[in-house]
Amino acid sequence: MTYYIRICLQYLLALFAALTVNFLLPRLAPGDPLNSLLGSDNVSTMSEAQKQEVLADFGLHLPLHEQFWNYLTGIFHGDFGNSVVLGMPVWDALMQRLPWTLLLMGLALVISTLIGTLLGILSAWRRGAVADIATMTGSLFIGSLPPFWVAMMLIIVFSTTLGWLPSFGAYQLGTSFPNWNWFLGVGKRLIMPVAALTIYQSAAVLLIARSSMVMAREQDYVTFARSRGVSEGKIFFKHAFRNALLPLYTHVMLGLGALVGGALIVETVFSYPGLGSLVVTGVNSRDYLLLQGLFVITSVSIIAANFLTDLFYPLIDPRTRRAG
Amino acid sequence: MPSRFGALAAAVALVGTMSGALAQDTPTTPSIHTKAGVLSAVNNDGPKTAKSLTIGIWNTASNITTYTIGNSWNDWVLYMISEKLLEPSPYLSNAHPWLATEVRQVSDDGRIWEADIRQGVKWHDGTEMTAEDVAFTYNLYLTGPVNRWTHHVSDVPRIEKIEATGPYTVRFEAPRPMPNFDMVTAPEMPILQKKQWENVEDPRTLTDPVIGTGPYKLVDYKADEYYHLVAFDDYWGGKPTVDEITLVMIKDPQTMFAALKSGEIDGAARALPPELVAEWNNDPAIEIVQAPSLWGTWMQMNLNDPLFNNRDLRYAISLAVDADTLVDRVMLGRAQSGKHGWPHLDSTWTKPGMAIPFDIEQSKAGLEAAGMKDVDGDGFRDKPDGTPVDFRIVVSTNQPLYVRAAEIMVDQLAAVGLKSHVEAVDTATFNNLTTSGDYEFSISEITPHGLADQDQYVQFYSGDQMRKLLENEPERLAIYDRWWEARTREDRQKAHFDLQEYENRYPSRFMLWYPDGLFAYRWQSYDNYVSTSGYGIYHKYSFLQDAAREGFTVPLDQKLDD
């Protein structure tokens, strides 16, 4: 019990540290939201008093410690302030976009995990064979392609040249949930962004799965099982795979936490209305309040995912269980 | 000898008289260098009306209110909904009656003006627009929160009293002359509905669709994602030619043009990169047009740097700028040379015939005279106090053309012995560096608002850096003061011309080029776009009936030589 209390306290501390960094990070970068709100040709002609007057509308004129206090208390009241660049409450903007990011990132995570794990296992199974070398080389090559380039290539091939898939957005404008055309539009618009992310992510999963499996296969218990005459397939899937799951599980759980952060580049290229493209908007306009809100939900989800990962480790691997 | 001197004096006097006479003929009709017309191989003839159009926009339009749109990239979106007393813009001195049937000067000294408000104009909620709405709007801009438009009533000019003197008459009074009220202020300020705005505590947080008098009603939107506009049947200027327009946000330029090419959008409301003109010239589905946009690209210098306090040094550097090469190599010839200076070559407010020479030898001589010599023998000039020079030319990473231009500028400055290097930074950092003064040179885009508007030209002097020039250069200050005190449009234009001439002689920034204004659309969807200077082809006038837009728009029916 003491262990769990200690874990909880550690995570609370980590959360506070993350919230503090989230507050400071946007403010450490040079710039402020004025240029985005008023245009640089106007800002360059404004007096300091006028600038402060505009910043006051967003509470950004206050001393840093007061802004920090307002930020912390705001979080507990669900008040993240008003976005400078969107002209709407930050919380509303986040909730508008969160489902799209969860859908996009979640699908990419599931597909890349399945593909990566499968290929990783097969590669480990055929370690050293031509198939293994080809899979490794191919995955390293594909995984090193920049996602924005992959995204652009997909658009050029499937949108511009073939005209099969739409190149931007998350749904067909003019349709609404739960209309069939809406679902069709959503599905079509998911294919390319999910593919771009999957190509990128599955290479990492493949490498983790393969190396875990290779290491597991070299353990004493595998040698022992083999000496007992257990079939190779049974050894592979029953003994080695179960033990190789832990690094994969960690990777997937961390991916689950990062899911909320969105995919900055891919969402921007495909004009996908998720949180990732919102981060780009927030950074480009130095919209502190929007960035704070985005970072808060990303931090909370990552910390929560870590927390859950820690909690469930003992269930997956009994070796990690502790007495008491 | 005396006779020669006499002849010279007479000639100078004659030139002076002529230039004085020329200045009286104001505002000038500029010889438009950037023609409007079709660049595609074939001048197609598509439909003049449409049920619906989807147009891509790239810069956030937020809630489409005057308090959340801060730039000139998307102000046309606002003008689809909210209108001005006179239109189309302050850039052409051809302001036409719009929400006002007349805007007249009441006092001889140019301090008092009156506007007659058009009767029968309906707001999108069906109520009638009155003088109360206009007076409320101008007062809100005067005393309320700052926005991109407010300085046109609170600074240049500084209006002190705005009141509705009748149901359809509004009176404006200022302590100083404002002879250009009808040419700059009235065609600049979008009118708000008093009923919608009077109880809004914080105008920056209004999320309800804004109610305007324009040809389109905003019926649905998600900020930064899409805006759905529907034609306003009771529009006073007649039913718009397109029933519904959906503006979709596509920030990535390649995705935007890919979507246009694939037919997902009908128009791309951003400048077409010059290299795509040749690539798409024969595309049967896409029409490429050229329309004066009054945009420009300039290289600013940090006037907070004591080095640039020396006006002769600034002039010497300006002589080293080879704008023609930039036009050829960066814009592939699809721009006008910036050697004309500031403001825009095609602006109605611009003094005709100005030119800044490109002369490397004269530039070197000027730098020598300013004390910029190679003291340490490294092949580059040093500051007069011997400190080595390595100018930073900052550019924004989202502007690849400017990065290229900056690289060329490094070579051009090196040709006169000035060492420099390029620093590409993200947009927000770029804006911060340039407004805080932490740079030597910066290359950026300048919109028509900053490049083709006489009041804005003077408004720039409210900024810290330009104010420094006024403090250090009495001649500049004298002309500036003369502009403020001018009671007539002619006197003000003359002062403005003098200020331009002085500015080009002792520049505070270097114009590099004025882009041709290249746009593309799918002609089979809709082919009734028109050009109006300052906005290209994407603006509300492209969706109005011919009768409503005659006189200040140019049809795109001319095939231009490519």
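The values are calculated or read from the model by the stated rules, or taken from the named source; none is laboratory data. Predicted, not measured: the structure shown is a model, and the values here were computed from it. Cβ placement follows ideal geometry from the backbone for every residue including glycine, while neighbour counts extend to all protein chains displayed.
Among the numbered conditions (1) under 22 Å from B:Val248 (Cβ atoms); (2) in contact (Cβ under 8 Å) with a residue 60 or more places away in the chain, the only one that A:Asn179 does not meet is (2). Number of residues in region B:426-457 that are under 16 Å from the mean Cα position of the chain (by Cα), within 10 Å of chain A (Cβ to nearest Cβ) and in a helix (DSSP H, G or I): the value is 4. For region A:9-59, which positions are over 24 Å from A:Val90 (Cα atoms) and either in contact (Cβ under 8 Å) with a residue 40 or more places away in the chain or of a type in the set (D, E, K, R) (or both)? Answer for region A:9-59, where residues must be over 24 Å from A:Val90 (Cα atoms) and either in contact (Cβ under 8 Å) with a residue 40 or more places away in the chain or of a type in the set (D, E, K, R) (or both): A:Tyr11, A:Asp41, A:Glu48.
Being in a loop (DSSP other than H, G, I, E, B) and aliphatic (A, V, I, L, M) is true for just one of B:Val422, B:Val416. Which residue is that?
On the way: B:Val422 fails: in a loop (DSSP other than H, G, I, E, B).
Being in a loop (DSSP other than H, G, I, E, B) and aliphatic (A, V, I, L, M) holds for just one of B:Val422, B:Val416, which is B:Val416.
Criterion first (at pLDDT 95 or above, crowded, with 20+ Cβ neighbours inside 10 Å and not hydrophobic (A, V, I, L, M, F, W, C)) does B:Pro215 satisfy it? In short, yes. Checking each residue in region A:75-90 for being within 14 Å of chain B (Cβ to nearest Cβ) and on the phi < 0 side of the Ramachandran plot picks out A:Asp79, A:Phe80, A:Asn82, A:Ser83, A:Val84, A:Val85, A:Leu86, A:Met88, A:Pro89, A:Val90. Residues that are farther than 21 Å from B:Asn74 by Cα, in a helix (DSSP H, G or I), within 14 Å of another protein chain (Cβ to nearest Cβ) and among the small types (Gly, Ala, Ser) within region A:31-74 comprise A:Ala49, A:Ala56, listed in sequence order.
Of all residues in region A:241-259, those being under 11 Å from the mean Cα position of the chain (by Cα) and surrounded by 24 or more Cβ atoms within 10 Å (Cβ to Cβ) number 0. Please determine whether any residue of region B:119-127 is within 30 Å of B:Gly463 (Cβ to Cβ) and either touching a residue at least 60 places away in the same chain (Cβ under 8 Å) or of a type in the set (A, V, I, L, M, F, W, C) (or both). Within region B:119-127, none of the residues are within 30 Å of B:Gly463 (Cβ to Cβ) and either touching a residue at least 60 places away in the same chain (Cβ under 8 Å) or of a type in the set (A, V, I, L, M, F, W, C) (or both).
On inspection, A:Thr223 qualifies as among the hydroxyl-bearing types (Ser, Thr, Tyr), more than 14 Å from chain B (Cβ to nearest Cβ) and surrounded by fewer than 14 Cβ atoms within 10 Å (Cβ to Cβ). Just one of the listed residues (A:Lys238, A:Lys234) is more than 29 Å from the chain's Cα centre (by Cα), at pLDDT below 80 and part of a helix (DSSP H, G or I), namely A:Lys238. B:Tyr227 meets the conditions (1) more than 12 Å from every other protein chain (Cβ to nearest Cβ); (2) under 26 Å from the mean Cα position of the chain (by Cα); (3) of a type outside the set (Val, Ile, Thr) in every case but one. The failed one is (1). Taken over region B:232-276, the residue count meeting the criterion of being surrounded by fewer than 18 Cβ atoms within 10 Å (Cβ to Cβ), in contact (Cβ under 8 Å) with a residue 12 or more places away in the chain and within 14 Å of chain A (Cβ to nearest Cβ) is 3.
Taken together, the criteria place B:Lys217 among residues that are in a strand (DSSP E or B), more than 9 Å from chain A (Cβ to nearest Cβ) and in contact (Cβ under 8 Å) with a residue 12 or more places away in the chain. If you go through region B:166-194 and keep only what is more than 15 Å from B:Thr65 (Cα to Cα) and either among the aliphatic types (A, V, I, L, M) or assigned to a helix (DSSP H, G or I) (or both), you end up with B:Val170, B:Ala174, B:Met178, B:Phe181, B:Asp182, B:Met183, B:Val184, B:Thr185, B:Ala186.
Residues that are within 14 Å of chain A (Cβ to nearest Cβ) and touching a residue at least 24 places away in the same chain (Cβ under 8 Å) number at least 3 in the following helices (runs of 4 or more DSSP H) confined to region B:460-535: B:464-472. Residues in region B:190-207 that are of a type outside the set (Ser, Thr, Tyr) and within 11 Å of chain A (Cβ to nearest Cβ): B:Glu201, B:Asp202, B:Pro203, B:Arg204, B:Leu206.
For every residue, the table says whether it meets (1) away from every other protein chain (no Cβ under 14 Å); (2) touching a strand residue (DSSP E or B) at 6+ places or on another chain (Cβ under 6 Å); (3) buried (at least 18 other Cβ atoms within 10 Å of the Cβ).
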| site | (1), (2), (3) |
| --- | --- |
| B:Asp109 | yes, no, no |
| B:Met129 | yes, no, yes |
| B:Tyr138 | yes, yes, yes |
| B:Tyr141 | no, no, yes |
| B:Pro145 | no, no, no |
| B:Thr150 | no, no, yes |
| B:Val153 | no, no, yes |
| B:Arg158 | no, no, no |
| B:Ile162 | yes, yes, yes |
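Scanning region A:10-30 for residues that are assigned to a helix (DSSP H, G or I) and either over 16 Å from A:Ser299 (Cα atoms) or facing another protein chain (nearest Cβ under 7 Å) (or both) turns up A:Arg27, A:Leu28.
Filtering region B:544-562 to residues that are under 22 Å from the mean Cα position of the chain (by Cα) and touching a residue at least 24 places away in the same chain (Cβ under 8 Å) leaves B:Gly551, B:Phe552, B:Thr553, B:Val554, B:Pro555, B:Leu556. Of the listed requirements (1) more than 14 Å from chain A (Cβ to nearest Cβ); (2) at pLDDT below 95; (3) closer than 30 Å to B:Ala370 by Cα, B:Ala291 misses just one: (3).
Comparison of B:Trp298, B:Trp349, B:Trp342 shows that the only residue that is closer than 23 Å to B:His496 by Cβ, hydrophobic (A, V, I, L, M, F, W, C), assigned to a strand (DSSP E or B) and in contact (Cβ under 8 Å) with a residue 24 or more places away in the chain is B:Trp298.
Residues in region B:357-403 that are among the aromatic types (Phe, Trp, Tyr), under 26 Å from the mean Cα position of the chain (by Cα) and not in a loop (DSSP other than H, G, I, E, B): B:Tyr402 alone. Can B:Pro240 be described as in a loop (DSSP other than H, G, I, E, B) and either within 30 Å of B:Met256 (Cβ to Cβ) or among the polar types (S, T, N, Q) (or both)? Judged against the criteria, B:Pro240 is a match. If you filter region B:421-480 down to residues that are among the aromatic types (Phe, Trp, Tyr) and modelled with pLDDT under 95, you find that the one that is surrounded by the most Cβ atoms within 10 Å (Cβ to Cβ) is B:Phe430. The set of residues in region B:145-165 that are of a type in the set (D, E, K, R), within 20 Å of B:Glu132 (Cβ to Cβ) and not in a strand (DSSP E or B) contains only B:Glu160.
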